[in-house]
Amino acid sequence: MTYYEGVKKMEEMGVNDNYIQGWVAGFLHNPEIEEQRVTDEYESGYEDGKEQTDANFSNFC
């Protein structure tokens, strides 16, 4: 899966914004955001982005 395919698919599905932000950061290997701003959705997205997987997109619609 490419970055653009993943983002487009999430936007079309209506995935949670925090999950998308985490997925993008993980996919691009960016550092995580500050601890006080981290949500469960962001953490899940970050881990999935690092793995470059779309398996959990539907869990965050």
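Bear in mind these aren't lab numbers, they're just calculated from the coordinates by the rules spelled out. All figures in this text were calculated on a predicted structure; none of them were measured in a lab. In this analysis, Cβ positions are derived from the backbone assuming ideal geometry, glycine residues included, and neighbour counts consider all displayed protein chains.
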Exercise. Measure off 7 Å from each Cα along the Cα-to-Cβ vector at residue 33 and residue 8, then give the distance between these two points in nanometres to one decimal.
Key: 2.6
Practice problem: In whole Hz, with x marking every Gly and Pro, tabulate ³J(HN,Hα) for segment 40-49 from phi via Karplus 6.51 cos²θ - 1.76 cosθ + 1.60, θ = phi - 60°. | Solution: 4, 5, 4, 4, 5, x, 4, 5, 5, x
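Determine the calculated [θ] at 222 nm for the chain from helices alone, applying -39500 (n - 2.57) to every DSSP H run no shorter than 4 residues and normalising by the residue count; nearest 500 deg cm²/dmol.
-17000 deg cm²/dmol
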Quiz item: Toward the positive end of the charge dipole of the chain, about the Cα centre and with charges on Cβ (Lys, Arg +1; Asp, Glu -1), which of 18, 42, 1 goes farthest?
Solution: 1
Quiz item: Counting alpha carbon pairs within less than 8 Å and at least 6 residues apart, what relative contact order, in whole percent, applies to the chain?
Solution: 42
Practice problem: Please identify, among 38, 24, 15, the residue showing maximal mean-square fluctuation in a Gaussian network model of the chain using a 10 angstrom Cα cutoff. | Solution: 38
